Amino acid sequence: MSQHDPQNVLDLFVIGGGINGCAIARDAVGRGLSIELAEMNDLASATSSASTKLFHGGLRYLEYWEVRLVREALIERELLLKAMPHISWPMRFVLPYHKDMRFEGDTPTSKLLSVVMPWMKGRRPAWLIRLGLFMYDHLGGRKILPATTSVNLSSGPEGAPLNDRFRKAYEYSDCWVEDSRLVALSARDAQARGATVNVRTKVIAVTQVDGIWHVTLADQETGTERVVLARMLINAAGPWVESIIQNTVRVNSAEGVRLVRGSHIVTRKLYEHDKCYLFQGEDGRVIFTIPYETDFTLIGTTDAAHDDPEIKPSCTPEEERYLLDFASNYLKQPISRDDIVWSYSGVRPLYDDGASSASAATRDYVLTLNEGAGAPVLNVFGGKITTHRKLAESAMEKIEPFFAHLGAPWTAGVPLPGGDFPVDGVAALTERLMAQYAFLTAPWAKRLVKAYGTEAFDVLGDANEVADLGQDFGATLTEREVMWLVDHEFARSAEDIVWRRSKLGLRLSADEIAALDDWLANR
Ligand SMILES: Cc1cc2nc3c(=O)[nH]c(=O)nc-3n(C[C@H](O)[C@H](O)[C@H](O)COP(=O)(O)OP(=O)(O)OC[C@H]3O[C@@H](n4cnc5c(N)ncnc54)[C@H](O)[C@@H]3O)c2cc1C
């Protein structure tokens, strides 16, 4: 018999505060399990703040015949949109067509076409794009998002920023999501339902005693250590998933992670309309240009092998050049390094399925259960921001045999904090906020609604005038908002606040960001 007092043993211990760890913690606590989660840095400080920020089916994965993944993701888009209409919204994507566009060499579709239509020599025919978009429109039970249309680039605003050789395009729908806010709100919801969420807390060792995990945690700010007991471990460490298996849990397993770096650059706004472009390159890859934070354009992404999770990913000069050249090939006004105002980079923690190229490695998630160490561990590989909720549900199916009292699925359609308003309700909510807080400017009110939804009222509280919001840190960031983020959203540093809970870092100077850090340290 175990000598552990069952009162002190948690059901689950989750390693990693990215989207997957937080989604699993939220789902599991809502099903009645006791849970603690540790994130060694800030929530979403690794891959989950470095995505292209799309809830999307992934049009290009159809060429890999990943129909299950695309269908699941397409169905999720609208479900998620309804649960978080503040941090997610519909977007239209313009896909200019040109006859020289090529496939990636090793997709099953390109291989098939090279046999049945050898004269195409790797070019992607227009009918194939239309077929892909038809499937994209119909696979996922689309109700809110508009269907695909054709666009004449010779007239209309969509053609204006593009090189004249592009005359024809298709336009389809996907959704935007504020990735790092999604993580913070998922963690908050998990906490509100009873989970314990620790940031700046690293799992430094785990040992198994009588079928129970002893998890040693090190506080990264104070250096203090403590031990927590749990029946099961969830290894949602993203790029570190393999390192946790090999070096921390130390089970004998051949499971590997394939680290694929993706970088983005941000420029000043390149065009006036609010649609995105999906550009196809002559190397078969695609990149997006996306209207970003009102005054900017986001361009990405790349696919590059990344050797070591301990090496912090950054956009290399070669990746910058690649993205600049790729976009300039389409734009009337080419762009250069001088146009870049910011860049970021993240590492996809993909399951190593032996695929030959980085872009061919499966984007699908893989959950593996390991019992070889005497107590169970569930390892999370890959996945998309878009499929985080489904991934959490699949994780619950995997762990069900260990927890007789596990509740039923519940997360579909349940709003995240602040998301309890209609999908098309941002304008009405912004008006209500401005009516109650007359001192707000329209862009300020809109920013607050798109960050906090209905909770924007709680953030501002009893303020009657700007002065009631305390210190002004610049770019409409005030002491009251900062304290909301510290008290409710696990923020500790200026970086957490200006690059992950918001993107105000694009508008604040280095001195202003340093002043915020000083203020937080001396508070
Ligand atoms: C360039 C790029 C673009 C992408 N674009 C999209 C997109 O548009 N749409 C989409 O759906 N998906 C996209 N993705 C995929 C998506 O971002 C990832 O699948 C997802 O963020 C992975 O989340 P995660 O929780 O598994 O990993 P992470 O977010 O990396 O989280 C793992 C966490 O574990 C923590 N950790 C590690 N070791 C320890 C330890 N010992 N103790 C405590 N904590 C630890 C880390 O600090 C980290 O925060 C993109 C990915 C990339 C890289």
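The values are calculated or read from the model by the stated rules, or taken from the named source; none is laboratory data. Being a predicted model, the structure only gives us computed values, none of them experimental. Every residue, glycine among them, receives a Cβ derived from its backbone with ideal geometry; neighbour counts consider all protein chains shown.
Of all the listed residues (ARG480, ARG492), the sole one being of a type outside the set (A, V, I, L, M) and over 21 Å from the mean Cα position of the chain (by Cα) is ARG480.
For region 29-45, a residue qualifies if it is assigned to a loop (DSSP other than H, G, I, E, B) and either more than 6 Å from the ligand (Cβ to nearest atom) or crowded, with 24+ Cβ neighbours inside 10 Å (or both), and the qualifying residues are ARG31, GLY32, LEU33, SER34, GLU39, ASP42, LEU43, ALA44. Has region 240-259 got any residue that is more than 9 Å from the ligand (Cβ to nearest atom), among the basic types (Lys, Arg), touching a Pro at 6+ places or on another chain (Cβ under 9 Å) and within 16 Å of PRO376 (Cα to Cα)? No, the conditions are met nowhere in region 240-259.
Exactly one residue out of ARG193, ARG142, ARG188, ARG165 is surrounded by 20 or more Cβ atoms within 10 Å (Cβ to Cβ) and in contact (Cβ under 8 Å) with a residue 60 or more places away in the chain, and it is ARG188. Of all residues in region 366-404, those satisfying the criterion of being modelled with pLDDT of 95 or more and either basic (Lys, Arg) or exposed (fewer than 14 other Cβ atoms within 10 Å of the Cβ) (or both) are ARG389, LYS390, GLU397, LYS398, GLU400, PRO401, ALA404. One residue alone among ALA169, ALA184 is touching a Cys at 6+ places or on another chain (Cβ under 9 Å) and either among the hydrophobic types (A, V, I, L, M, F, W, C) or at negative phi (or both), and that residue is ALA184.
Out of ILE212, ILE244, one residue alone is more than 30 Å from ILE87 (Cα to Cα) and within 24 Å of the chain's Cα centre (by Cα). It is ILE244. Out of everything in region 236-256 that is modelled with pLDDT under 95 and assigned to a loop (DSSP other than H, G, I, E, B), what residue ends up being surrounded by the fewest Cβ atoms within 10 Å (Cβ to Cβ)? Out of the qualifying residues, it is ALA254. Among the residues making up region 291-315, those that are polar (S, T, N, Q) and either under 21 Å from ARG348 (Cβ atoms) or within 15 Å of the ligand (Cβ to nearest atom) (or both) are THR301, THR302, SER314.
If you check VAL414, VAL426, VAL459, which single one turns out to be surrounded by fewer than 17 Cβ atoms within 10 Å (Cβ to Cβ) and either β-branched (Val, Ile, Thr) or touching a His at 6+ places or on another chain (Cβ under 6 Å) (or both)? Exactly one of VAL414, VAL426, VAL459 is surrounded by fewer than 17 Cβ atoms within 10 Å (Cβ to Cβ) and either β-branched (Val, Ile, Thr) or touching a His at 6+ places or on another chain (Cβ under 6 Å) (or both), namely VAL414. Pairing residues of region 214-229 that are under 15 Å from ILE15 (Cβ atoms) with residues that are aliphatic (A, V, I, L, M) and not in a strand (DSSP E or B), at Cβ distances under 8 Å and at least 6 apart in sequence or on separate chains, gives GLN220/MET40.
Residues are listed down the side, and each one gets a yes or a no for (1) at pLDDT below 95; (2) under 30 Å from ARG92 (Cα atoms); (3) away from the ligand (no atom under 16 Å from the Cβ); (4) surrounded by 20 or more Cβ atoms within 10 Å (Cβ to Cβ):
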{"site": "HIS214", "(1), (2), (3), (4)": "no, no, no, no"}
{"site": "THR224", "(1), (2), (3), (4)": "no, no, no, no"}
{"site": "ILE234", "(1), (2), (3), (4)": "no, no, no, yes"}
{"site": "GLY262", "(1), (2), (3), (4)": "no, yes, no, yes"}
{"site": "THR267", "(1), (2), (3), (4)": "no, yes, yes, yes"}
{"site": "TYR271", "(1), (2), (3), (4)": "no, yes, yes, no"}
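Residues in region 1-19 that are in contact with a Leu (Cβ under 6 Å, 6 or more places away or on another chain) and within 16 Å of the ligand (Cβ to nearest atom) were compared, and the one that is nearest to GLY238 (Cα to Cα) is GLY17.
The residue of region 1-28 that is farthest from VAL228 (Cα to Cα), among those that are out of contact with any strand residue (DSSP E or B) (no Cβ under 8 Å at 6 or more places or on another chain) and in a helix (DSSP H, G or I), is ILE19. Out of LEU378, LEU406, one residue alone is aliphatic (A, V, I, L, M) and either in contact with a Leu (Cβ under 6 Å, 6 or more places away or on another chain) or within 22 Å of ILE144 (Cβ to Cβ) (or both). It is LEU378. When restricted to residues that are among the β-branched types (Val, Ile, Thr) and either at pLDDT below 95 or part of a helix (DSSP H, G or I) (or both), region 434-490 contains 6.
Filtering region 42-59 for residues that are of a type in the set (Asp, Glu) and either in contact with a strand residue (DSSP E or B) (Cβ under 7 Å, 6 or more places away or on another chain) or farther than 21 Å from ARG193 by Cβ (or both) leaves a non-empty set.
Look at ASP174 and say whether it is of a type in the set (D, E, K, R) and buried (at least 20 other Cβ atoms within 10 Å of the Cβ). Yes, satisfied. Against the test of being buried (at least 17 other Cβ atoms within 10 Å of the Cβ) and more than 20 Å from LEU43 (Cβ to Cβ), the options LEU516, LEU508 yield a single qualifying residue, LEU508.
Kindly indicate the residue of region 319-353 that is touching a strand residue (DSSP E or B) at 6+ places or on another chain (Cβ under 8 Å) and in a helix (DSSP H, G or I) and also farthest from VAL241 (Cα to Cα) among those meeting that condition. Here the answer is ASP339. Among the candidates ARG188, ARG231, ARG181, ARG165, the residue that is more than 27 Å from the chain's Cα centre (by Cα) and outside any strand (DSSP E or B) is uniquely ARG165. All conditions but one from (1) surrounded by 24 or more Cβ atoms within 10 Å (Cβ to Cβ); (2) at pLDDT below 95; (3) away from the ligand (no atom under 16 Å from the Cβ) apply to THR109; the one that does not is (1).
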